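Presented below is the structure to which this report refers.
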Amino acid sequence: MVILNKQKWGIFYQTFAVFIVALSIGCFLSIQKPLENDELFTHISSVENLSYTQILTVKIAEGNVSPLFYLTQKGFLDLIQFRLPFVWNGDWFVKDIPSQIALRCLANLFISLSITLVFFFFTRLYSIWAGIYGALVSVSSFMILTYWVVARPYALWNFLTTLQVLLFLYILRCSCSSKKAWWLLIVTHFLLSLTVTFSAVQIAAVSLILLFCKNERSILRYILLTIVPIALCLVYYFAAPKYAFFFTDSPMQLICASFPKERLALVFLFGIMLCTMAYQNNKGRIISTLKDPRVAYFAFIGIMFFLTAVLLGIFLLKAQGKNEGFPLSNRYFIYLTPIGIIAVVLFTAEMWRALKGKLGLRVFLLLTVISLLVFRLWWSWSLVRKSYAL
């Protein structure tokens, strides 16, 4: 019992250290990066100049009118009594360090929490090394680095997706019915539906896998988990103004910004191998194999890519001619970032376990994942360093 308590406190201290390091990095990045046009427009038109009632009654003049980000941002800035200390005249970049720190506090908090949650989950589930690997994979992700300190809804969306996926994995792995985890997931789905309308995709995918894999058949629970949050997403979608847009990046480029090609290849390779092992362990029983948490998560990734392809197809049908409206941004697919991060860490840790006693294969696995991690760290930082003046 004493040893277990020491282990729990050890993980707590390690997790707290990761959180402080992540916050410190985010604070440094906030200072380095001038405020951007989009951040200032969002702050002035959708946060500072609107009342709480106006935010809740969808008076937001943006493509996303889901209120959670604007409410939390306004509440935090009111709490610290912050008001923009300068008049913005439409400049694309503005250097004002106090404003950079204040406006980006919550974005930094949400990304730091995302990294910390990944570290904590895999440290508890596997080892400290799996947790460190998870934190490094997070930091090496282009979308994490790009939106770490952007005062818009994307950091909140990333955090809630991370929380959603980790709760989803926990429920899949739990042999008993954990009511607390289910209710936390329901709350997370509600928060997602109040953050961005696109979250309907991930809410539907998680609910579909749980419906198949778990014996939980409470109609009320699935109504709260799925139907109500998706209905909220639709309400905010139809209430939002519609703007013309066009493609500058290909669909593959839009996806790979959040789920890089080498990460996708690694997940696909390890996923197929783990599914094969699960099939053999279950002696060819298809249903039992599909309910294996590793197989279920692999299926979840497949469903997410299918639904993302459907979204992209709709965008292609609605796209206008070039330069009519605004370019479709890769940030609309940021939900794929935490899904990919967690998949890489989960499948790598499971492959490491599966190769127990096979030293040569473990060394090869270690060299492969370290090489890919170093490459992604270098490549992502090289892409974003200009925006941070590094």
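Table for the structure above
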| read-out | value |
| --- | --- |
| Set Ala239, Ala244, Ala200: member being touching a Leu at 6+ places or on another chain (Cβ under 8 Å) and small (Gly, Ala, Ser) | Ala200 |
| Scope region 365-390; condition in contact with a Ser or Thr (Cβ under 9 Å, 6 or more places away or on another chain) and part of a loop (DSSP other than H, G, I, E, B); matching residues | Ser387 |
| Subset of region 354-390 [open to solvent by less than 70 Å² (accessible area, probe 1.4 Å), within 17 Å of Tyr126 (Cβ to Cβ) and not β-branched (Val, Ile, Thr)] | Ala354, Leu355, Arg362, Leu365, Leu373 |
| Ser114 being of a type outside the set (D, E, K, R), in a loop (DSSP other than H, G, I, E, B) and under 25 Å from Trp182 (Cβ atoms) | no |
| Failed item, numbered, when Leu71 is tested on (1) crowded, with 22+ Cβ neighbours inside 10 Å; (2) under 22 Å from the mean Cα position of the chain (by Cα) | (1) |
| Selection from region 294-323 of residues that are open to solvent by 30 Å² or more (accessible area, probe 1.4 Å) and over 22 Å from Thr197 (Cβ atoms) | Arg294, Phe298, Ala299, Gly302, Gly321, Lys322, Asn323 |
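One line per residue, one yes/no per condition, for (1) without any contact (Cβ under 8 Å) to a residue 60 or more places away in the chain; (2) part of a helix (DSSP H, G or I):
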{"site": "Thr197", "(1), (2)": "no, no"}
{"site": "Leu211", "(1), (2)": "yes, yes"}
{"site": "Leu234", "(1), (2)": "yes, yes"}
{"site": "Asp249", "(1), (2)": "no, no"}
{"site": "Ile255", "(1), (2)": "no, yes"}
{"site": "Ser258", "(1), (2)": "no, no"}
{"site": "Glu262", "(1), (2)": "no, yes"}
{"site": "Met273", "(1), (2)": "no, yes"}
{"site": "Ser288", "(1), (2)": "yes, yes"}
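The values are calculated or read from the model by the stated rules, or taken from the named source; none is laboratory data. As the structure is a computational prediction, the values presented were derived from the model and not from experiment. Here the Cβ is made from the backbone with ideal geometry for all residues, glycine too, and neighbour counts use every protein chain on show. Each accessible area value is taken on the protein alone, full model and side chains, heavy atoms only, with ligands, DNA and RNA left out. Shrake-Rupley method; radii C 1.70, N 1.55, O 1.52, S 1.80 Å.
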